[in-house]
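Asker: Take a look at this one; I'll ask things after.
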Ligand SMILES: [Zn+2]
Ligand SMILES: [Zn+2]
């Protein structure tokens, strides 16, 4: 290498790491300075040290990918409106929530819902790419985001900020102090679902799209967090798209819309036995707790869909004589 090149590079890069210095030096190298083979070798070293550039799964631009999200460029990653601190602990909404206290909302059959993101204009586009145009690459991206929300829900449960309606420890008088709650949860181990299931679509919708978008997400999350997936529900009739309906019409539409599959009670019983067997072998889990069913859907709008499904799931559990609680995980919260 010519001394002139080094003389120019060293003063500029004196205080920066060696790899950056090497970039600057190699960028200065011209074919005329060296034999062709040396130039090729140096270019290969430069290529190896350069940040990898791939096509982004979403915007298709060739760019440096985000280290936090596989397949996504940094610009697309920056658009994700993560829900890191839900304001409503029941439905997981990031902003003020009048929905959960509305008297006409009726009883809530699930303990809590958590969503990965707010349903911004960009997220609406992403979901449409997945749901209506069948972009499969986006499915793995959404699954990765759901896993993020699942892990966050686990962390949140450690801080004891979630509603714990059916957990016997939280029902004890005096266990109000956060530290007490945290140590009690710690004694039981990290919160985890026992079984994953998804909101079913009608046969007509499945034929139209070729897949059930919630089931694909739930099966993906099942592998990602090692919690078994079980098909437990079916849709009793086809309904028009909910997104065009008023709140009252949605609520009316939901009546008896979901029912348990005939196989659901047996499937839940098997799962419950496996969980109790595992927990009785674990010295930390002394308390017999309800079976935790985690219901997956793509979007939470009014909560009427997941609530109707949660009721059908509790009916299935009750018919198998199993104490169970239903929590929901949705990709976006509108
Ligand atoms: Zn992108
Ligand atoms: Zn709410």
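Every read-out reported here was derived from the displayed coordinates using simple, explicitly stated rules and does not represent laboratory data. What you see is a predicted model, and the numbers here were worked out from it, not measured in a lab. Glycine gets a Cβ as well: all are built from the backbone with ideal geometry, and neighbour counts include every protein chain shown.
Asker: Order by neighbour count: 311, 72, 58, fewest other Cβ atoms within 10 Å first, most last. Write out the running numbers ahead of the final one.
Answerer: On the way: 311 18, 72 25, 58 22.
Neighbour counts put them in this order, fewest first: 311, 58, 72.
Asker: Relative contact order for the range 247-326 using alpha-carbon pairs under 8 Å, separation at least 6, rounded to a whole percent?
Answerer: Numbers: 68 pairs, mean separation 36.3, N = 80.
It rounds to 45 percent for the range 247-326.
Asker: Shifting gears a bit: Kindly rank 37-43, 224-230 from highest to lowest mean number of other beta carbons found within 10 Å of each residue. Show your work: numbers first, answer last.
Answerer: Values: 37-43: 13.1, 224-230: 15.7.
Packing order, densest peptide first, comes out as 224-230, 37-43.
Asker: May I ask you to order 270-278, 295-303, 317-325 by the average number of other C-beta atoms within 10 Å around their residues, highest value first? All intermediate terms of the calculation are to be shown ahead of the outcome.
Answerer: Working: 270-278: 14.9, 295-303: 23.1, 317-325: 17.3.
Going from most to least packed, we get 295-303, 317-325, 270-278.
Asker: Peptides 145-153, 75-83: what's the order by average Cβ count within 10 Å, highest mean first?
Answerer: Ranking, from highest mean packing down: 145-153, 75-83.
Asker: Under a crude label model (7 Å from the Cα following the beta-carbon direction), how far is residue 36 from residue 100 in nanometres?
Answerer: 7.0 nm
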